[in-house]
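Worksheet for the structure shown next.
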Amino acid sequence: MASYPRFKDKVVIVSGGADGMGRACSVQLASEGARLFILDVKYEMAVQLARDLSTPSAQVEALRADVMNETELKNAIASVLDRTGGKVDSLINIAGGSASGLTAEIDLAVWDRLYALNLRSTLVACQAVIPAMRRRGGSIVTMASISGLRGDPEWAPYNAAKAAIISLTQSLAWEEGGYGIRVNAICPGPVASERMLATISADELREYNESCALGRIGKASELAEAILFLASDQASFITGAALVADGGLTARTGQPTRFYRQQREGLHRRPEEPS
Ligand SMILES: NC(=O)c1ccc[n+]([C@@H]2O[C@H](COP(=O)([O-])OP(=O)(O)OC[C@H]3O[C@@H](n4cnc5c(N)ncnc54)[C@H](O)[C@@H]3O)[C@@H](O)[C@H]2O)c1
């Protein structure tokens, strides 16, 4: 049975751990006593966060790496293995990003970049930790998205890369299950990271809020709860899963029923946003 704090003395690497959902994971992991490595291209931010989160019971270090650079990513993970005597309990692979454009006109350089940033980097990080994890088991969480479950106009490179991450996760779950390594994907819906909020207008934010059954987009801390559940021993029988945490966005077919029209007219009450 899993016990709290779930990550006491566990070695955990969070890629993209300096900001957004990764940062929320880092904060929670440190509060649970993890030996935490925050791997990020925003190195100064990672260093500052590591300083802020380090306590006598949580050792937190920053690692500089651009996950699109295979050598940097492998070296950063190798340096963790050097320092921990080959021990990594969990890899939480958050770093990634998006771009949009009409599929018929998409620049192949944009396509390749999104695949490198999201999919290839996930593969490289998994390859770097799996040989060490095979000795004592472990858990890997990959960052997919609800975008990986369906298509969206103008989002093909992102959606395709996230769909491929789910498929990669399922193959790895089978290949590594016999070594006691669990591999799961998280599929967030819209989440209020600073980057996300900076790229959308107030009208778009309202539309995002309305797209969720809960009437609001998610918070990074709420996604961290789902991600860390998958990474923890509480999820000991869960592998190869793609856990959707989207406030209900994908629970509907999207058909234009009377409910949605009435909702727009304010006839269906939305819950107050929790503080
Ligand atoms: N925000 C959303 O609505 C949403 C929804 C579904 C999935 N996602 C996915 O979640 C992940 C994080 O999203 P977020 O909104 O929290 O992002 P964010 O931009 O707030 O944080 C991403 C973190 O990853 C780091 N990072 C980005 N590129 C990197 C690189 N090349 N090398 C190393 N580090 C890098 C950033 O510096 C940052 O610390 C992404 O993979 C994104 O595709 C986001």
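Let me check I've understood the local charge: for residue 249, count other residues with C-beta under 12 angstrom from its C-beta, Lys and Arg +1, Asp and Glu -1. What total comes out? Can you show the working numbers first?
Details: positive: 150, 216, 252; negative: 152, 207, 210, 246.
Neighbour charge sum, excluding residue 249 itself: -1.
Axis of helix 220-231 versus longest Cα principal axis of the chain: the two differ by about 50°, to the nearest ten degrees. The convex hull defined by the C-alpha atoms of the stretch 50-157 has an orientation-averaged projected area of 8.6 nm². Here is the P(r) of the stretch 119-275: all C-alpha pair distances, binned every 5 Å from 0, give 2, 9, 15, 19, 18, 13, 10, 7, 4, 2, 1, 0 in whole percents.
Highest GNM mean-square fluctuation among 213, 185, 198, for the chain modelled with Cα contacts below 10 Å: 198. Seen against the Cα atoms of the chain and their longest principal axis, helix 20-31 is set at about 50 degrees.
Summing Cβ point charges (Lys, Arg +1; Asp, Glu -1) relative to the Cα centre of the stretch 11-264 gives a dipole of roughly 520 debye. 3J(HN,Hα) along the stretch 65-82, derived from phi through the Karplus expression 6.51 cos²θ - 1.76 cosθ + 1.60 where θ = phi - 60°, amounts to 6, 8, 5, 7, 9, 4, 5, 4, 5, 4, 5, 4, 5, 4, 5, 5, 4, 4 Hz, with x in place of Gly and Pro.
As a ratio to 2.2 N^0.38 Å, the alpha-carbon radius of gyration computed for the stretch 133-218 takes the value 1.35.
Charge dipole of the stretch 46-195 (Cα centre as origin; +1 on each Lys and Arg Cβ, -1 on each Asp and Glu Cβ, all else neutral): 580 debye, rounded to the nearest 20.
Here the mean projected area of the convex hull built on the C-alpha positions of the stretch 24-67 is 2.7 nm². Rounded to the nearest 10 degrees, the inclination of helix 202-211 to the longest alpha-carbon principal axis of the chain is 90 degrees. For the chain, the residue among 197, 16, 172 whose Cα projects farthest onto the positive side of the dipole built from Cβ charges is 172.
Taking amide H atoms as placed 1.01 Å from N in the peptide plane, the amide H of residue 63 lies under 5 Å from those of 38, 39, 40, each 5 or more residues away in sequence or on another chain. Pairs of alpha carbons in the stretch 11-264 separated by more than 29 Å make up 28% of all such pairs. Quarter the surface of the alpha carbon convex hull of the stretch 3-99 and you get the mean projected area, 6.1 square nanometres.
Read the figures in this text as sums done on the coordinates, not as results from a lab. Just so it is clear, the model here is predicted, and its values are computed rather than measured. Don't worry about glycine lacking a Cβ; one is built from the backbone with ideal geometry, like all the others, and counts go over all protein chains shown.
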